[in-house]
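Enquirer: Sharing a structure with you now.
The values are calculated or read from the model by the stated rules, or taken from the named source; none is laboratory data. The structure presented is a predicted model; accordingly, all values stated were derived computationally and were not measured. Every residue, glycine among them, receives a Cβ derived from its backbone with ideal geometry; neighbour counts consider all protein chains shown. Areas reflect the complete protein model, heavy atoms only, side chains present, ligands, DNA and RNA absent. Shrake-Rupley method; radii C 1.70, N 1.55, O 1.52, S 1.80 Å.
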Amino acid sequence: MDLKICHLYPDVLNLYGDRGNILCMRRRLEWRGVGCEITELPLGAADPLTDYDLFFIGGGQDFEQTVLLADLNAGRSDNIRAAAEDGKTFLCICGGYQLLGTGYRTADGQMCEYIGVLDLYTEGSADRLIGNYAFRLGEESGGGIVVGFENHGGRTHLGSGLTPLGTVLKGYGNNGSDGTEGVRYKNVFGTYSHGPALPKNPHFCDHILTTALERKYGRAELAPLNDNAEKTAHRYMCQRLHLN
Ligand code: GLN
């Protein structure tokens, strides 16, 4: 068994150690004897995106998000949409999550017109939503609590047909007002959670890996790991956020 991971835009989208999510996925696969091949696709790299099982897109600042527009509109968004519709797994963080939508108007009023892989849009504001936060994953995303760190000016609103990734327990999530966090569509996971998100949320990491392995092999059962250190980090953050 193996997974082919594509890291999209590693050169421009990588905030707060988002790249650590890739290391975490790779290690948790390798510890179980599952192979993992990582391909980095920077801005402008031609690729039809058909050969990968799992895609990762990190977060970025408004400036980087405008720099990406030409690349997205030159066919990349169509390839991302095709892969998402085909059931490929995506983990997209913050700016990487926003670019799946129809658009993002930055706090400065600059319009990033995305082509809408998903029916969501983002309105920027100078008033940023910052801090450690937590949300409860929906059952279809494995359930349990995710602890993370958010820092975004954007307020994301999901179209009525979309399911959020989870429900905010502490902090702001998608927009600070409707209690939703992130998005789950087919095997696409979008979230505002930096940190990086996965090392201190091993249950969420394994859920994402399982969706990709099941898509590829039909069945996947990940053997348990000794992740006491990861669970301790998770518990510690839950305590700091007064969740237990
Ligand atoms: N620039 C976007 C915002 O401020 C995304 C930020 C991020 O990726 N942390 O909303």
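Residue-by-condition table, conditions (1) more than 16 Å from the ligand (Cβ to nearest atom); (2) without any contact (Cβ under 8 Å) to a residue 24 or more places away in the chain; (3) not aliphatic (A, V, I, L, M):
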{"residue": "Met1", "(1), (2), (3)": "yes, no, no"}
{"residue": "Lys4", "(1), (2), (3)": "yes, no, yes"}
{"residue": "Pro10", "(1), (2), (3)": "no, no, yes"}
{"residue": "Gly17", "(1), (2), (3)": "no, no, yes"}
{"residue": "Asn21", "(1), (2), (3)": "no, no, yes"}
{"residue": "Leu29", "(1), (2), (3)": "yes, no, no"}
{"residue": "Val34", "(1), (2), (3)": "yes, no, no"}
{"residue": "Gly44", "(1), (2), (3)": "yes, no, yes"}
{"residue": "Asp51", "(1), (2), (3)": "yes, no, yes"}
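Enquirer: Could you grab the pairs with beta carbons closer than 6 Å, sequence gap of 6+ or different chains, first residue in segment 53-66 and under 30 Å from Lys216 (Cβ atoms), second one open to solvent by 50 Å² or more (accessible area, probe 1.4 Å) and within 14 Å of the ligand (Cβ to nearest atom)?
Expert: Final answer for the pair search is Gly58/Asn14.
Enquirer: In addition: What is the residue count in segment 200-244 for residues that are hydroxyl-bearing (Ser, Thr, Tyr) and surrounded by fewer than 16 Cβ atoms within 10 Å (Cβ to Cβ)? Give the steps one after another, and end with the answer.
Expert: The first filter runs over segment 200-244 and keeps only residues hydroxyl-bearing (Ser, Thr, Tyr), leaving 210-211, 217, 232, 236.
Keeping just the survivors that are surrounded by fewer than 16 Cβ atoms within 10 Å (Cβ to Cβ) gives 217, 232, 236.
Looking only at that region, the number is 3.
Enquirer: Hey, can you tell me all the residues within segment 153-165 that are surrounded by 24 or more Cβ atoms within 10 Å (Cβ to Cβ) and within 8 Å of the ligand (Cβ to nearest atom)?
Expert: Within segment 153-165, just Gly154 meets the criteria.
Enquirer: Against the definition (assigned to a loop (DSSP other than H, G, I, E, B) and under 19 Å from Gly173 (Cα atoms)), how does Leu43 come out, yes or no?
Expert: no
Enquirer: Is it the case, given these coordinates, that Thr39 is over 19 Å from Asn187 (Cα atoms), at pLDDT 95 or above and away from the ligand (no atom under 14 Å from the Cβ)?
Expert: Working: over 19 Å from Asn187 (Cα atoms): yes; at pLDDT 95 or above: yes; away from the ligand (no atom under 14 Å from the Cβ): yes.
Against the criterion (over 19 Å from Asn187 (Cα atoms), at pLDDT 95 or above and away from the ligand (no atom under 14 Å from the Cβ)), Thr39 qualifies.
Enquirer: Can you pull out the residues in segment 211-244 that are out of contact with any strand residue (DSSP E or B) (no Cβ under 8 Å at 6 or more places or on another chain) and over 30 Å from Gly131 (Cβ atoms)? Show your work before the answer.
Expert: Taking segment 211-244 and keeping what is out of contact with any strand residue (DSSP E or B) (no Cβ under 8 Å at 6 or more places or on another chain), we get 214, 217-233, 235-236, 239, 244.
Residues satisfying the conditions are Glu214, Tyr217, Gly218, Arg219, Ala220, Glu221, Leu222, Ala223, Pro224, Asn226.
Enquirer: Restricting to segment 80-104, what's the tally of residues that are in contact with a Gly (Cβ under 8 Å, 6 or more places away or on another chain), within 12 Å of the ligand (Cβ to nearest atom) and outside any strand (DSSP E or B)?
Expert: Residues in segment 80-104 being in contact with a Gly (Cβ under 8 Å, 6 or more places away or on another chain), within 12 Å of the ligand (Cβ to nearest atom) and outside any strand (DSSP E or B): 6 in total.
Enquirer: Being within 13 Å of the ligand (Cβ to nearest atom), crowded, with 21+ Cβ neighbours inside 10 Å and either in contact (Cβ under 8 Å) with a residue 12 or more places away in the chain or within 16 Å of the chain's Cα centre (by Cα) (or both) narrows it down to one residue among Glu181, Glu150; which is it? Full working, then the answer.
Expert: On the way: Glu181 fails: within 13 Å of the ligand (Cβ to nearest atom).
After ruling out the rest, the residue left standing is Glu150.
Enquirer: How about segment 105-128: which of its residues are open to solvent by 50 Å² or more (accessible area, probe 1.4 Å) and either part of a strand (DSSP E or B) or within 13 Å of the ligand (Cβ to nearest atom) (or both)?
Expert: Result: Arg105, Ala107, Asp108, Gln110, Met111, Glu113, Tyr121, Glu123, Ala126, Asp127, Arg128.
Enquirer: Let me ask you something else. At least 3 residues that are within 14 Å of Phe90 (Cβ to Cβ) and of a type outside the set (Asp, Glu) in each: list the strands (runs of 3 or more DSSP E) lying fully within segment 161-244 that qualify.
Expert: Values: elements: 166-170, 183-185, 188-191.
Correct list: 183-185, 188-191.
Enquirer: Which residues, taken from segment 24-81, are of a type in the set (Asp, Glu) and open to solvent by 30 Å² or more (accessible area, probe 1.4 Å)? Walk me through it before giving the result.
Expert: Applying the first criterion (of a type in the set (Asp, Glu)) to segment 24-81 yields 30, 37, 40, 47, 51, 53, 62, 64, 71, 78.
Answer for segment 24-81, where residues must be of a type in the set (Asp, Glu) and open to solvent by 30 Å² or more (accessible area, probe 1.4 Å): Glu30, Glu37, Glu40, Asp47, Asp51, Asp62, Glu64, Asp78.
Enquirer: Tally up the residues in segment 68-79 that are under 20 Å from the mean Cα position of the chain (by Cα) and either in a helix (DSSP H, G or I) or over 12 Å from Tyr114 (Cβ atoms) (or both), please. Lay out the reasoning, then the answer.
Expert: Kept after step one, since they are under 20 Å from the mean Cα position of the chain (by Cα), are these residues of segment 68-79: 68-69, 71-72, 76-79.
After this cut, where a residue has to be either in a helix (DSSP H, G or I) or over 12 Å from Tyr114 (Cβ atoms) (or both) as well, the list is 69, 71-72, 76-79.
Looking only at that region, the number is 7.
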